[in-house]
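To keep things clear, I will list the structure first and then write my remarks on it.
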Amino acid sequence: MEWVPLVSVVIPTRNRAGLVRRAVDSALCQSYSNVEVIVVIDGPDGGTAEALNAIDDGRLRVIELTESVGGAEARNTGVRASTGEWIAFLDDDDEWLPEKIKKQAEAAVARQNKDLIISCRYIARRGSEDSICPRRMPNDNERIDEYICCPKGYSQGEGFLQTSTFFVSRDLMSRVPFVSGLKRGQDFAWMVQACNEGGATVYVHPEILSIFTAGEASPGVSRISANPNWRSLYAWIRNNKRLFTRRSYAYCMGNVILPDVMKCKEPVSVRLSLAADAFLNGSPRPKSLFIFCLRAFFPHSVINLLKRLQAYAPAKRKAIVTA
């Protein structure tokens with residue numbers, strides 16, 4: 001590959017010294033060496049700063065913020081400090097396979113499109129159990145909100161593209177930054193806004209190039225998704241209905257918001273209010289209603305039973321039901 005642009009890797013972190021070392025190592029050990037790695041420590045955290053300062057590599061820069069601004073704005077801070085033509089994001093509890101940046105940079109060179117979001121397939125790791133995501137690749141000209149929110153089968157996250165897979169131009173990030181202050185779904189909100197308002201398109205590299213820690217990041221250290229702040233993302237979706245079709249908005253209530261509502265053990269009244277919103281501002285389909293009712297009113301044991309029953313279906317009809 002003749003053209004080897006500088007790629008800026010942006011990693012937000014706080015109070016995860018051991019985990020962020022692993023993430024940084026996976027970025028510095030890429031087969032594509034023309035990278036700068038910018039770690040943004042989101043607030044006072046001497047232990048993480050000390051661990052990172054022990055890494056002897058001139059490509060690493062550490063930015064220590066005097067107060068916490070949240071993951072979205074920490075990423076934006078890293079983008080503003082970057083000098084690369086392309087930006088690759090990596091969460092502190094995830095890691096990359098060695099060819100990740102090389103494969104995505106080659107895709108960028110081949111397409112010559114600065115409004116392109118290059119993602120990839122990845123391993124979703126829950127303890128000792130691995131699965132491959134996304135389960136379905138986007139179709140040509142498929143709207144991103146329809147792809148993420150409206151499953152072909154019955155699985156939550158069928159088209160989930162995770163932050164640590166994103167490879168985007170610095171120009172696009174300058175025009176469409178992450179939504180500052182958003183507590184949950186930062187990757188989802190950014191991608192919908194970048195595509196449906198910023199004019200970006202998505203290419204998903206078919207190879208597995210990243211590892212997403214979907215369960216506990218390490219013993220005693222869980223992801224934010226373990227106790228999600230669903231109201232923040234819900235408010236953003238309601239305020240940005242223009243970015244969704246009525247179909248994807250209705251699915252969004254059951255596929256994006258409701259699973260977090262259930263994790264937080266919110267009362268039935270909250271579930272009913274989401275259902276009402278789906279009807280008022282969206283156009284629910286029979287499948288979206290089924291998915292919503294399944295997650296809202298059936299015990300988890302019933303969902304697990306459906307999973308086991310579906311395991312016996314013909315391969316072309318298999319669909320994993322998750323909650």
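The values are calculated or read from the model by the stated rules, or taken from the named source; none is laboratory data. No experiment lies behind these values; they were computed from the predicted model shown. Cβ placement follows ideal geometry from the backbone for every residue including glycine, while neighbour counts extend to all protein chains displayed.
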Being in the same structural domain as Val69 (by TED's automatic domain parsing) and on the phi > 0 side of the Ramachandran plot narrows it down to one residue among Gly159, Gly153, Gly185, Gly198; which is it? Gly185
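I need the full set of residues from the range 126-149 which are surrounded by 17 or more Cβ atoms within 10 Å (Cβ to Cβ) and touching a strand residue (DSSP E or B) at 6+ places or on another chain (Cβ under 7 Å), in order please.
Across the range 126-149, the qualifying residues are Cys133, Pro134, Pro138, Ile144.
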Scan the range 78-92 and report the pairs whose first residue is more than 16 Å from Ala105 (Cα to Cα) and whose second residue is in a helix (DSSP H, G or I), with Cβ atoms within less than 6 Å and a gap of 6+ or a chain change. Val79/Met173; Asp91/Thr163; Asp91/Ser164; Asp92/Leu19; Asp92/Val20; Asp92/Ala23
Members of the range 253-289 found to be in contact with a Ser or Thr (Cβ under 9 Å, 6 or more places away or on another chain), surrounded by 15 or more Cβ atoms within 10 Å (Cβ to Cβ) and part of a helix (DSSP H, G or I), listed by number: Met253, Gly254, Asn255, Pro259, Asp260, Ala278
Matching residues in the range 28-45 (touching a strand residue (DSSP E or B) at 6+ places or on another chain (Cβ under 9 Å), of a type outside the set (Phe, Trp, Tyr) and over 15 Å from Gly78 (Cα atoms)) number 6
